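Peer 1: Okay, handing you the structure first.
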Amino acid sequence: MTMTLLLAAGCNFLDFDETSGDYTREDMYKTYSNIRSMLTNVYGYMPNKDIADVGSAMRECGCDDAEYGDPDASVQNFGNGNWSPLSTVDTKWDLYNGIRAANEFLESVKTVDLSIYKYDVKYALQMEHIHYYPYEARVLRAHYLFELARRYGDIPMPLKMLSIDEANSIAKTSFDDVVDFIDKECAECADSLPKSYIGMLDDEFGRVTRGFARAVRAKALLYAASPLHNPTADKAKWLKAAAAAQELIESGDYTLDPGMKVNNTTSGEIVMVIMRSESQSLERNNFPLRMTEGERTGMTGTYPTQELVDAFQTAGGYDITLGSDGWHTDDPEFDVTKPYAGRDPRFESTILANGMICKGLEIETFEGGADWSATRAQKGTVTGY
């Protein structure tokens, strides 16, 4: 089986020089390969990094779940008071370029006629793909709108290509109306999208499916139901969000991975994935320093906090927290003298704590231990985890 990936870096296929003798906008919709390139451009704006300007920092470092090793990294602005409208992190305004690309594609693809190629042996398979292209673009546009609305609330919501005057005068759409659009758009498109593209032309992986459309819808509705956007605790919003999530869960499109791993294309948990070349950067930047053989540079590292550790309940479903006088839980079966054993199974897949075994070595985060550091510059854990 040949596995290809549609996602690619965003290229500007939209600014054509009509006098250069190269491609015109019309030219880009006269062949299957060019149409595919235009849709690939819409995919190219998909958010695919944590926080672009902080290197190896994971997004969790912007909240109470983790601490980043470098005290001067811009991710620290989330917690040190330096994050403001004039000093931003992860703005995502460039997603309006992706929305414009989607609008342009949706307008242009309406008039596509490739019947001149109907005797090509791949014609029927290519038409099958093109049938899905508008639905993919619509869901991508909805996703980009959600990424903007989740950050800024009320936002402009252009649904067509704008002139300069229109772009300079477009008003904001309320957050609720943006979510309402995403809700309806994703629900409608999901019914017209396939579960997978495997078995079709090129066996592509990483394209918008009905599952991704339903996931975007469910996530947008969850945000709309949250206290930030639902201060009156309107129960109807919560019920709508729950119903959307339940629809996705009960669709049968996804299954829990018994190995609890989603870093391969066969995992039943994958909703959308962006594939990169093989790399050891995650391990190099975040594993205990003595396991990286001196390859780590700088004070990198994402270190889980006690708050994140406390989020993992006991295997029996009871809360467990660390107080000034030790560990506390109401679980009668839990041994507080072994606080890292008998937890929710996801704990061991997420956290390395003192006494746990990794790569045949026992983790030592106690003062003076092999994974402890007196200063950040020594690059050991700064949280004890």
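The values are calculated or read from the model by the stated rules, or taken from the named source; none is laboratory data. In this text, all values refer to a predicted model and were calculated from it rather than measured experimentally. Every residue, glycine among them, receives a Cβ derived from its backbone with ideal geometry; neighbour counts consider all protein chains shown. Areas reflect the complete protein model, heavy atoms only, side chains present, ligands, DNA and RNA absent. Shrake-Rupley method; radii C 1.70, N 1.55, O 1.52, S 1.80 Å.
Peer 1: One residue is enough: does region 216-230 have a residue meeting the conditions over 25 Å from residue 254 (Cα atoms), in contact with a helix residue (DSSP H, G or I) (Cβ under 8 Å, 6 or more places away or on another chain), assigned to a loop (DSSP other than H, G, I, E, B) and not hydroxyl-bearing (Ser, Thr, Tyr)?
Peer 2: The answer is yes, given that some residue of region 216-230 is over 25 Å from residue 254 (Cα atoms), in contact with a helix residue (DSSP H, G or I) (Cβ under 8 Å, 6 or more places away or on another chain), assigned to a loop (DSSP other than H, G, I, E, B) and not hydroxyl-bearing (Ser, Thr, Tyr).
Peer 1: Taking region 78-100, which residues are polar (S, T, N, Q) and either touching a Gly at 6+ places or on another chain (Cβ under 8 Å) or closer than 20 Å to residue 65 by Cβ (or both)?
Peer 2: Hits for region 78-100 are 80, 82, 97.
Peer 1: Ok, one more. Any residue at all in region 50-62 that's surrounded by fewer than 18 Cβ atoms within 10 Å (Cβ to Cβ), within 18 Å of the chain's Cα centre (by Cα) and not in a helix (DSSP H, G or I)?
Peer 2: Yes, the conditions are met somewhere in region 50-62.
Peer 1: Being polar (S, T, N, Q) and either touching a Gly at 6+ places or on another chain (Cβ under 7 Å) or open to solvent by 20 Å² or more (accessible area, probe 1.4 Å) (or both) is the filter here, so list the residues in region 165-224 that pass it.
Peer 2: 168, 169, 173, 174, 192, 196
Peer 1: Name the pairs whose Cβ atoms lie under 6 Å apart, with the first residue in region 336-351 and in a helix (DSSP H, G or I), the second open to solvent by less than 60 Å² (accessible area, probe 1.4 Å), and 6 or more positions between them or separate chains?
Peer 2: Matching pairs, first to second residue: 347/312.
Peer 1: Any residue in region 272-294 that's among the acidic types (Asp, Glu): show its pairings with residues that are assigned to a loop (DSSP other than H, G, I, E, B) at Cβ separation under 9 Å, as long as the two are six or more apart or on different chains.
Peer 2: Final answer for the pair search is 283/292.
Peer 1: Another one. Filter region 247-282 for residues that are among the charged types (D, E, K, R) and more than 20 Å from the chain's Cα centre (by Cα); which is farthest from residue 212 (Cα to Cα)?
Peer 2: That would be 250.
Peer 1: While we're here: Does region 36-47 contain any residue that is within 30 Å of residue 283 (Cβ to Cβ), of a type outside the set (Phe, Trp, Tyr) and in contact with a Lys or Arg (Cβ under 8 Å, 6 or more places away or on another chain)?
Peer 2: Scanning region 36-47 turns up at least one residue that is within 30 Å of residue 283 (Cβ to Cβ), of a type outside the set (Phe, Trp, Tyr) and in contact with a Lys or Arg (Cβ under 8 Å, 6 or more places away or on another chain).
Peer 1: With respect to residue 38, determine if the residue is at pLDDT below 85 and surrounded by 15 or more Cβ atoms within 10 Å (Cβ to Cβ).
Peer 2: no
Peer 1: Output the residues belonging to region 365-385 that are surrounded by 14 or more Cβ atoms within 10 Å (Cβ to Cβ) and within 23 Å of residue 64 (Cα to Cα).
Peer 2: 365, 371, 372, 373, 376, 379, 380, 381, 382, 383, 384, 385
Peer 1: Okay, next question. Taking the stated definitions as given, is residue 167 modelled with pLDDT under 95 and in a helix (DSSP H, G or I)?
Peer 2: Considered against the rule, which asks whether it is modelled with pLDDT under 95 and in a helix (DSSP H, G or I), residue 167 comes out as yes.
Peer 1: Checking the condition assigned to a helix (DSSP H, G or I), touching a residue at least 12 places away in the same chain (Cβ under 8 Å) and crowded, with 18+ Cβ neighbours inside 10 Å, which residue from 245, 241 passes?
Peer 2: Result of the check over 245, 241: 241.
Peer 1: Residue check, residue 202 against (1) touching a strand residue (DSSP E or B) at 6+ places or on another chain (Cβ under 9 Å); (2) at pLDDT 95 or above; (3) closer than 29 Å to residue 263 by Cβ, all met but one. Which one?
Peer 2: Against the list (1) touching a strand residue (DSSP E or B) at 6+ places or on another chain (Cβ under 9 Å); (2) at pLDDT 95 or above; (3) closer than 29 Å to residue 263 by Cβ, residue 202 comes up short only on (2).
Peer 1: Just to verify a result, which residue in region 73-125, among those that are aromatic (Phe, Trp, Tyr) and outside any helix (DSSP H, G or I), is most open to solvent (accessible area, probe 1.4 Å)?
Peer 2: In this case the residue turns out to be 119.
Peer 1: Can you tell me how many residues within region 248-275 are surrounded by 10 or more Cβ atoms within 10 Å (Cβ to Cβ) and more than 30 Å from residue 365 (Cβ to Cβ)?
Peer 2: The qualifying residues number 16.
Peer 1: Which of the following residues is touching a residue at least 12 places away in the same chain (Cβ under 8 Å) and in contact with a helix residue (DSSP H, G or I) (Cβ under 9 Å, 6 or more places away or on another chain): 383, 365?
Peer 2: Going through 383, 365 in turn, the sole match is 383.
Peer 1: Among the residues that make up region 320-330, is at least one of them surrounded by 11 or more Cβ atoms within 10 Å (Cβ to Cβ), modelled with pLDDT of 95 or more, of a type in the set (Asp, Glu) and more than 22 Å from residue 286 (Cα to Cα)?
Peer 2: no
Peer 1: Also, quick follow-up: Return the residues of region 352-362 that are without any contact (Cβ under 8 Å) to a residue 40 or more places away in the chain and open to solvent by 50 Å² or more (accessible area, probe 1.4 Å); say none if nothing qualifies.
Peer 2: 354, 357, 360, 362 - these are the residues of region 352-362 that are without any contact (Cβ under 8 Å) to a residue 40 or more places away in the chain and open to solvent by 50 Å² or more (accessible area, probe 1.4 Å).
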